[in-house]
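J.: One structure, pasted below without further comment.
Read the figures in this text as sums done on the coordinates, not as results from a lab. Since we're looking at a predicted model, the values are computed, not measured. We place every Cβ from the backbone using ideal geometry, glycine too, and count neighbours over all the protein chains shown.
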Amino acid sequence: MEPTSTLPRTVVPGPHARATPATTPLTAPPRAATGATGGRDRLARAWRGSQDDPAWARPALLGLLAATALLYLWGLGASGWANSFYSAAAQAGSASWKAFFFGSSDAASSITVDKTPLALWPMALSIRIFGLSSWSILVPQALMGVATVGLLHRLVRRTTGSAAAGLLAGTVMALTPVAVLMFRFNNPDALLVLLLVGSAMATLRAIEETRVPTGHAVRWVALGGALVGAAFLAKMLQAFLVLPALGLAYLLFAQTSWGRKLGHLAIAFGAMVLAGGWWVAIVELWPASSRPYIGGSQDNSILELTLGYNGLGRLNGDETGSVGGGNGWGTTGLLRLFDSEIGGQIAWLLPAALVLGAAALWFARRQRRVGAALVLWGTWLVVTALTFSFMAGIFHAYYTVALAPAVAVLVGTGAWVLWERRDSVVASGVLAFTVALTSALAWFLLDRAGDFVPWLKWLVLVLGLAGALAVSVAGHLPRRLAVAAAAVALVAGLAGPAAYAVSTAATPHTGSIPTAGPSTGGGPGGTGGGPGGMRGGTPPGATTGGATGGGAGGLLNGSTSSAEMTALLQTDADGYTWAAAAVGSNNASGYQLASEEPVMAIGGFNGSDPSPTLAQFQQYVADGQVHYFIASSGGMGGGPGGDSSNEIAAWVEASFRATTVGGTTVYDLSGGVQ
């Protein structure tokens with residue numbers, strides 16, 4: 001059969017055809033569209049999308065992105081400063097380019113946060129443009145969430161060729177409770193996830209390019225490596241958990257020689273080192289006397305911070321300066337991700353992702369593009385889940401947002417692969433088993449939440465079992481009934497996480513350890529927890545809400561400045577390098593955010609970093625650089641503190657007279673030692 005041409009056919013006139021003058025056109029030239037008509041046409045094309053797509057595909061995608069934006073932005077200002085530790089650093093970066101570059105906790109750059117600073121930069125730039133507010137701090141994270149959902153949709157759509165599969169993956173990502181939490185919060189995890197999803201997308205594109213003689217595989221694989229390096233600058237070594245997935249997928253599925261594969265990966269590694277290492281190199285080479293102390297380290301070294309407190313210490317629990325330790329971060333083991341603290345954050349579709357991903361890998365074993373994606377995301381999920389399950393150091397439930405993209409892609413891709421083969425008894429059986437398993441797990445997770453929508457768990461269970469039965473025979477049903485069966489199964493699988501997602505979005509979250517969804521009685525290290533996570537200070541007009549979780553000496557919660565304290569700090573602030581000093585970053589943060597003046601965080605986040613030393617602080621006071629010392633709510637020094645912070649607090653108490661301003665104990669250091 002000859003291929004059908006889309007070119008206009010040449011008509012050869014017959015012997016009795018009437019001659020047509022050569023100057024007369026057969027068709028009139030198209031009329032130029034007016035500006036209004038052209039604008040409507042462009043708008044219609046944007047709404048309709050490609051003519052090769054189903055008519056509903058582009059509107060459904062736009063609807064998904066709009067709904068995601070609404071979920072992530074609605075009532076965002078109620079969370080106040082959210083994590084005031086990072087909010088204060090973002091405010092400092094908006095006031096000083098030096099603080100911006102180093103990620104300093106205050107504009108005078110006494111000490112940095114305990115992370116690399118990339119995640120702070122969008123917030124700091126937003127504050128520079130729009131001024132300091134909850135919205136200028138939190139909107140960038142919400143937009144990163146919308147971008148992540150859009151990237152996942154495009155990635156799965158490209159992998160499968162199915163708009164429905166992409167839509168399902170994007171919906172799962174958008175409704176994952178811990179994703180809703182972190183894309184409405186200002187921890188580094190939002191940017192980390194966005195960059196890592198981009199790295200996976202670039203790697204899969206590189207694999208595709210190896211099948212084309214003139215493809216640009218090296219460019220794409222280098223981009224993937226560079227994005228991992230950028231993710232390192234957002235949250236340090238956690239970014240590297242995806243490296244086994246990216247490398248394995250490329251080695252197994254790139255269609256080129258093994259030598260070239262290894263060469264390409266070496267280039268990707270080099271790009272990663274450059275993208276993530278330039279900042280580390282500058283900080284290490286910068287004279288320590290003219291830069292801030294590296295928060296979280298014990299010897300003022302970014303390398304020690306990277307490999308110790310934020311590196312191997314997270315795995316083996318050997319973390320100098322940590323406020324936890326032992327079983328303070330929960331019991332490790334294979335079922336850790338399903339316990340009362342973490343289960344409601346991420347576990348809803350975790351078994352489904354594993355089952356569907358494994359089954360789809362078998363059924364799509366001859367589809368290299370699909371196979372590459374399944375191997376990459378499956379490895380991502382397994383490596384990251386095992387790491388989180390067994391790490392003995394600092395671990396919080398919200399870390400599991402790094403699992404959400406892998407769960408979303410495996411569910412979307414795996415469900416599509418099996419649905420396309422629903423005539424197979426095995427494929428339909430696996431789908432039915434997955435639906436039943438997911439609904440049973442949802443019943444279990446919802447039952448933990450007690451009075452939270454108590455009827456929902458029964459609805460999910462009934463719909464799930466009915467959906468599983470219908471899906472098991474979907475291959476023998478008329479198309480409309482088969483689609484209805486799939487819809488029932490999807491509602492059963494997504495109702496639980498959707499309810500938790502809405503609950504999360506409706507609850508303000510502040511402090512250092514937020515949690516998604518309603519209270520289940522669990523919490524970090526058994527300290528309790530709730531929908532609001534840890535409560536901290538809020539800006540004017542914002543509300544506080546959710547449960548307080550407590551913390552070691554209150555150092556996990558931002559301080560709240562009274563109007564009297566704020567006015568005191570702002571008075572004559574230009575005459576001092578620091579308007580005040582307080583032990584611990586969160587104790588300092590609320591006063592800094594309220595006054596927008598630098599407040600020195602003695603000892604960094606935990607109050608345990610040896611910066612400044614007693615001698616250094618005494619010199620600052622003697623030089624007239626520090627105006628006030630603010631005692632913490634837990635007393636002088638508060639919290640665990642380190643030797644330096646306890647010595648400083650004791651010296652201030654013995655050497656200066658205390659006064660109370662707006663309920664806060666303050667020491668005026670400007671008059672010298674009493």
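J.: With Cβ to Cβ distances under 15 Å as the rule, what net charge do the other residues near PHE363 carry (K, R +1; D, E -1)?
T.: Values: positive: ARG365, ARG366, ARG368, ARG369, ARG421, ARG422; negative: GLU420, ASP423.
Net of charged neighbours comes to +4.
J.: Continuing with the same structure: How far apart, in nm, are two points set 7 Å out from the Cα along the Cα-to-Cβ line at LEU307 and at TRP286?
T.: It works out to 2.1 nm between the two label points.
J.: For the ranges 195-204, 264-273, what's the packing order if you count other beta-carbon atoms within 10 Å of each residue, average per peptide, and put the highest first?
T.: On the way: 195-204: 25.2, 264-273: 19.4.
With the highest mean Cβ count within 10 Å placed first, the list reads 195-204, 264-273.
J.: In addition: Leaving out same-chain residues fewer than 8 places away, which lysines sit with a Cα under 19 Å from that of LYS235?
T.: Hits, sequence-local ones excluded: LYS115.
J.: Right, here's the next one. Starting with the fewest neighbours, write out PHE85, PHE388, PHE617 ranked by other beta-carbon atoms found within 10 Å of each beta-carbon.
T.: Lowest to highest Cβ neighbour count: PHE388, PHE617, PHE85.
J.: The range 563-668: Rg/Rh from Cα coordinates, Kirkwood Rh?
T.: On the way: Rg = 12.2 Å, Rh = 13.2 Å.
A ratio of 0.92.
J.: Another question about this same structure. Between the range 181-226 and the range 43-76, what is the separation of their alpha carbon centroids in Å?
T.: Going from one Cα centre to the other spans 23 Å.
J.: Quick one: which of 152-158, 364-370 comes out on top by average Cβ neighbours within 10 Å, and what's the full order, highest first?
T.: Going from most to least packed, we get 152-158, 364-370.
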